[in-house]
Amino acid sequence: MSYCLTENELRSYQKKGWVVPDFRLPQSLLDEMREEYMLLLDNNPQLLSDIMLAPHQTVNGSQGVVGSKKWLEFATHPDLLDIASQLIGEDIVLWGTTIFGKPALSGKETPWHQDGGYYPIRPLETLTIWIPLDDVTVENGPMRFIPGSHKSKELYSHSWVEGDDKTINLVCDSKNFDATTAEDLILEAGQVSFHDVYMIHGSRANLTENRRAAFIVRLMPATSHYDHKLGEEMGEKHASHGYGNRPLFLVRGVDRSAKNNFTVGHE
Ligand SMILES: O=C(O)CCC(=O)C(=O)O
């Protein structure tokens, strides 16, 4: 085990819904990710950088992203999986990645939401690894978390809010939480945050002169089932997300659910 979470860190994850361990990614890895991100932007001039789904997919990419296997390599870095296994167990499936680019001057807001609303995962369990490629400051649109909002394991009501000034349009109704309790996630590039699928979170726009990009990895314990058929049905509403066709990767252990299909969506 490359990094062992302390009792305090484990408690923080359980109590607040996220943890930033006292751990850093190697600088060389960070440099590689940044380089690969520039390539990704070059290869996808048709897409806005605010949100790019599944850059690890080289075929059948959601939003038509032209991705690369490098992102899968980054997402499954042994240190990250070691930490993840302490939070969701030894049997792990990777089912998604995303990059929220928050470009300088025009980086869109990500409104308050829970991640799980349209994930075809039963029982619904997902650990999100949030990896900033740049330093995150109060000004450049840090992630904002509502502590403890994951605890009831409930998906709260969300409403569709029109507008292309945001990265997503399904927004958690304000009656469900107290925004004044929000905590900003201020991180240096190299630090990493891990958060629970039920936690309410969002981020403001970035109007600064500095980009605030983050690479996001979605893992589920292999006791859960990623139901592609359900993903297809849900996809009727959110076609670009490609949930009916996402490739699953068993990245640790065994498929305890015995229901996951590791052929759909692969090359
Ligand atoms: O990076 C951001 O600003 C938003 C990320 C997010 O909402 C997520 O990872 O679920």
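Observations on the structure shown:
- Restricted to the range 102-126, and to residues there that are among the aromatic types (F, W, Y) and not in a strand (DSSP E or B), the residue that is surrounded by the fewest Cβ atoms within 10 Å (Cβ to Cβ) is Y118.
- So K108, is it in contact with a Lys or Arg (Cβ under 7 Å, 6 or more places away or on another chain), within 16 Å of the ligand (Cβ to nearest atom) and within 17 Å of L39 (Cα to Cα): no
- Any hit, the range 16-34, residues being free of Cβ contacts under 8 Å to residues at least 40 places away in the same chain and surrounded by 19 or more Cβ atoms within 10 Å (Cβ to Cβ): no
- For the range 219-232, the criterion of being closer than 27 Å to P123 by Cβ, assigned to a loop (DSSP other than H, G, I, E, B), more than 11 Å from the ligand (Cβ to nearest atom) and in contact with a Phe, Trp or Tyr (Cβ under 6 Å, 6 or more places away or on another chain) is met by no residue.
Let's see how each residue does on (1) of a type in the set (A, V, I, L, M); (2) assigned to a loop (DSSP other than H, G, I, E, B); (3) within 19 Å of the chain's Cα centre (by Cα):
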site: K175; (1), (2), (3): no, no, no
site: L187; (1), (2), (3): yes, yes, yes
site: V254; (1), (2), (3): yes, yes, no
site: K259; (1), (2), (3): no, yes, no
site: E267; (1), (2), (3): no, yes, no
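- Among the residues of the range 57-75, those identified as of a type outside the set (A, V, I, L, M, F, W, C), crowded, with 19+ Cβ neighbours inside 10 Å and either under 23 Å from Y3 (Cβ atoms) or away from the ligand (no atom under 16 Å from the Cβ) (or both) are Q57, G61, G67.
- Checking I129, I99 one by one, the residue that is near the ligand (Cβ under 10 Å from one of its atoms), farther than 23 Å from L5 by Cβ, in contact with a strand residue (DSSP E or B) (Cβ under 8 Å, 6 or more places away or on another chain) and not in a loop (DSSP other than H, G, I, E, B) is I99 and no other.
- E162 vs. criteria within 28 Å of I121 (Cα to Cα), at pLDDT below 95 and away from the ligand (no atom under 11 Å from the Cβ): yes
- Answer from I186, I146, I129, I200 - the residue that is within 23 Å of R11 (Cβ to Cβ), among the β-branched types (V, I, T) and touching a Cys at 6+ places or on another chain (Cβ under 8 Å): I200
- The range 76-96, residues that are within 15 Å of the ligand (Cβ to nearest atom) and either basic (K, R) or in a strand (DSSP E or B) (or both): L94, W95, G96
- Any hit, the range 190-206, residues being of a type in the set (F, W, Y), more than 12 Å from the ligand (Cβ to nearest atom) and outside any loop (DSSP other than H, G, I, E, B): no
- Criterion: over 15 Å from the mean Cα position of the chain (by Cα), assigned to a loop (DSSP other than H, G, I, E, B), in contact (Cβ under 8 Å) with a residue 12 or more places away in the chain and surrounded by fewer than 16 Cβ atoms within 10 Å (Cβ to Cβ) - qualifying residue of S152, S159: S152
The values are calculated or read from the model by the stated rules, or taken from the named source; none is laboratory data. Worth saying up front: this structure is predicted, and the values here are computed from it rather than measured. With ideal geometry, Cβ positions are generated from the backbone for all residues, glycine too; neighbour counts draw on all protein chains shown.
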